[in-house]
1. Please state which one of Ala94, Ala69 is in contact (Cβ under 8 Å) with a residue 60 or more places away in the chain and under 29 Å from Asp122 (Cβ atoms).
2. Looking only at region 144-155, which residues are more than 12 Å from the ligand (Cβ to nearest atom) and buried (at least 19 other Cβ atoms within 10 Å of the Cβ)?
3. Search region 181-200 for residues that are closer than 30 Å to Asn21 by Cβ and pair each with any residue that is of a type in the set (A, V, I, L, M) and surrounded by 10 or more Cβ atoms within 10 Å (Cβ to Cβ) when their beta-carbon atoms are under 6 Å apart and the residues are at least 6 apart or on different chains.
4. Please indicate, with yes or no, whether at least one residue in region 129-142 is surrounded by fewer than 22 Cβ atoms within 10 Å (Cβ to Cβ) and outside any helix (DSSP H, G or I).
5. Test Trp169 against the criterion of being within 12 Å of the ligand (Cβ to nearest atom) and in contact with a Leu (Cβ under 8 Å, 6 or more places away or on another chain), and give yes or no.
6. Count, please, the residues in region 144-158 that happen to be out of contact with any helix residue (DSSP H, G or I) (no Cβ under 6 Å at 6 or more places or on another chain) and touching a residue at least 40 places away in the same chain (Cβ under 8 Å).
7. Considering only residues that are part of a helix (DSSP H, G or I) and farther than 11 Å from Ala138 by Cα, which ones fall in region 1-30?
8. Please work out which one of (1) more than 11 Å from the ligand (Cβ to nearest atom); (2) of a type outside the set (Ser, Thr, Tyr); (3) under 24 Å from Thr36 (Cβ atoms); (4) in a helix (DSSP H, G or I) is the condition Phe177 fails and give its number.
Amino acid sequence: MDSQLVKLAARRRSIYALGDNISQSPEEIFALVKETIKNSPTSFNSQTVRAVVLFNDASNKVWDIVEDALQKIAKSPEAFKKTQAKIATFRAGAGTILYLTDTTIVHQLENDFPTYAANFADWAEQGLGGAQQAVWTALAEQGIGASLQHYNPLIDDAIHEAFDLPREWQLRAEMPFGSIEAPAGAKDHLDDNQVFKLIK
Ligand SMILES: Cc1cc2nc3c(=O)[nH]c(=O)nc-3n(C[C@H](O)[C@H](O)[C@H](O)COP(=O)(O)O)c2cc1C
């Protein structure tokens, strides 16, 4: 069975060698992110996913914040040098997408549907995961590389302050993106028999 989606899914990889040599404008990327997330499902159509798309100094600011936060907890100057080099690879991209969850909606649902109250945080996270993967794949379709990073909660306060984000939006992930300066490495897969079952 030929599937365009499977081919596209295979193109979505974690790209760590990023550059800022992309042809798309910030407005085009923003529109792509918006349309992709609007078409991603959330539990009860609760639309808990929030995304902030940053370019130029705003994107660099994220990685400055990460660097500052990690410097405070660095075990040694040598270890921090390695950390700095890694962060520089994220800063080298064309932009960064922040992914957040609107916890106001999650708490409202917990209140409104007590039977399912224990599920809403998980479902919000699942909705976010779907949205992230969809955006990651949509970027790959345009020839743009990305990876998914998690420096929250270390950076939460500084990020909220820097971009004046509502406190109810909980930071969940950071996605640096840009031109693909080197391809992704080889990836291992578990044996299909360990992962899938066909029962008919
Ligand atoms: C929920 C989730 C969290 C991840 N967190 C990180 C992360 O914090 N840092 C990172 O470099 N990669 C992170 N990744 C990327 C995975 O390591 C990567 O997707 C996996 O190794 C498969 O490689 P691929 O993305 O090239 O297919 C994350 C991926 C997922 C789905």
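1. Numbers: Ala94 fails: under 29 Å from Asp122 (Cβ atoms).
Matching residue, one of Ala94, Ala69: Ala69.
2. Ile144, Ile155
3. Correct list of pairs: Glu181/Ala17; Ala182/Ala17; Ala184/Ile15.
4. To start, the set of residues in region 129-142 that are surrounded by fewer than 22 Cβ atoms within 10 Å (Cβ to Cβ) comprises 129-130, 133-134, 137-138, 140-142.
If we keep only those that are outside any helix (DSSP H, G or I) as well, we get 142.
Yes, there is a match, as at least one residue in region 129-142 is surrounded by fewer than 22 Cβ atoms within 10 Å (Cβ to Cβ) and outside any helix (DSSP H, G or I).
5. Working: within 12 Å of the ligand (Cβ to nearest atom): no; in contact with a Leu (Cβ under 8 Å, 6 or more places away or on another chain): yes.
No, not satisfied.
6. Residues in region 144-158 being out of contact with any helix residue (DSSP H, G or I) (no Cβ under 6 Å at 6 or more places or on another chain) and touching a residue at least 40 places away in the same chain (Cβ under 8 Å): 5 in total.
7. Taking region 1-30 and keeping what is part of a helix (DSSP H, G or I), we get 4-11, 26-30.
Within region 1-30, Gln4, Val6, Lys7, Ala10, Pro26, Glu27, Glu28, Phe30 meet the criteria.
8. It is condition (4) that Phe177 fails.
The values are calculated or read from the model by the stated rules, or taken from the named source; none is laboratory data. Bear in mind the structure is a predicted one, so any value in this text is a computation, not a measurement. So basically every Cβ, Gly included, is an ideal-geometry build from the backbone, and we count neighbours across all protein chains shown. These accessible areas exclude ligands, DNA and RNA; they are computed on the full protein's heavy atoms, side chains included. Shrake-Rupley method; radii C 1.70, N 1.55, O 1.52, S 1.80 Å.
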